[in-house]
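Undergrad: Sharing a structure, written as structure tokens. Questions coming.
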Amino acid sequence: MKNTALTSTHEALGAKMVPFSGYNMPVQYEGVNIEHETVRNAVGVFDISHMGEFLIEGKHALELIQKVSSNDAFKLTIGKAQYSCLPNDDGGIIDDLIIYKIKEETYLLVVNASNIDKDWNWIQSKNSMGATMRNISEDYSLLAIQGPKAIEAMQSITSHDLSAIKFYNFVVDDFAGIDHVIISATGYTGSGGFEIYCKNSEVKQIWDKVFEAGANFGIKPIGLAARDTLRLEMGYCLYGNDINDSTSPIEAGLGWITKFTKEFTNSEALKTEKERGTDRKLIAFELDERGIPRHNYDIIDSNGNKIGIVTSGTMSPSLGKGIGLGYVPTVFSTIDSKINIQIRKKAVSATVVKLPFYKS
């Protein structure tokens, strides 16, 4: 079990620690609902240093990235980030990731912790053009400072105007007394804020100064459980649940990051799939009555026939009702369609809805 540079800090704060993607991670501090509401209404801080970081460099860097990723990285300029995925040869997804253009021939790829080795080996296997690759995952930490008060709370510890950083843009500047920190207007919560990339040796100083700066804004440490409820309220896909090696980006509703302006791994098959339509789709649903849909619960039709499974589900702290995602045959995917979720021995009625669940 690996630790992040802040593991002892979380333990001192009384966090409940659990194994997650090979790391010892804080799942909650005060409780999921309290932490969830802190991010929705104020500002909270996640340690997500378990995420993986690769540097792709050199004159062939863009060529390699274009080959392995679904989005069009040619459109990236220095200071911009892009959500994308790594398609496999069989129509599925190896991982979803964020690509940052750091310099003219330097890109940072941020991947899911559970897929670091898999992603590295896959990209390396496609690197016939000889781009320089460096896996810096073990050396860097990542904090997500999220919530509507994030800009106001953090402005005192950087000389950069945080309000000027647009969504999915970033700067490399001073932050919390450390030079050359990546301050990225990205996140997984839908409530605004930043993600901070720094060296392991710098993260404790940054963590401490972040909490000093945010003291008057209700800042709190936030665990992975609230991260999951926050992302689900936005309908953001979680790798391993909603997308995996056997789900295509088209059926997962990720056609918007699948650009056929270039050739990439399995692009012809995915283009055909997009043109013809898919047999199943990832839908969002809300329960019409009390209940909590859970991962792997059956989705059934009005006759009790199984038509799919719940890929992600929870009791939404913001909405006060059960919400979830799941794959169903396309005929059941239209908005306002009625389905049922098998919760123990009861078929609980649900309605297909448009994302996001949470609208600020």
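Undergrad: Looking only at region 321-347, count how many residues are under 20 Å from Asn241 (Cβ atoms) and of a type in the set (Val, Ile, Thr).
TA: 5
Undergrad: What are the residues in region 307-337 that are under 15 Å from Lys281 (Cα atoms), assigned to a strand (DSSP E or B) and either assigned by TED's automatic domain parsing to the domain that holds Asn41 or touching a residue at least 24 places away in the same chain (Cβ under 8 Å) (or both), if any?
TA: Ile307, Gly308, Val310, Thr311, Ser312, Gly324, Leu325, Gly326, Tyr327, Val328, Pro329
Undergrad: Specify which of the listed residues (Ser163, Ser159, Ser114) is without any contact (Cβ under 8 Å) to a residue 40 or more places away in the chain and in a helix (DSSP H, G or I).
TA: Ser163
Undergrad: Among the residues of region 127-156, write down those that are β-branched (Val, Ile, Thr) and either under 20 Å from Ile222 (Cα atoms) or without any contact (Cβ under 8 Å) to a residue 60 or more places away in the chain (or both).
TA: Answer for region 127-156, where residues must be β-branched (Val, Ile, Thr) and either under 20 Å from Ile222 (Cα atoms) or without any contact (Cβ under 8 Å) to a residue 60 or more places away in the chain (or both): Ile145, Ile151.
Yes or no, residue by residue, for (1) under 20 Å from Arg40 (Cα atoms); (2) touching a strand residue (DSSP E or B) at 6+ places or on another chain (Cβ under 8 Å):
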site	(1), (2)
Val172	no, yes
Phe175	no, yes
Ile178	no, yes
Gly187	yes, yes
Gly190	yes, no
Gly193	yes, yes
Cys198	no, yes
Ser201	no, no
Gln205	no, yes
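The values are calculated or read from the model by the stated rules, or taken from the named source; none is laboratory data. Note that the structure is predicted; figures quoted are calculated from it, not measured. Because the Cβ atoms are built from the backbone with ideal geometry, glycine has one as well, and the counts that use them run over all protein chains shown.
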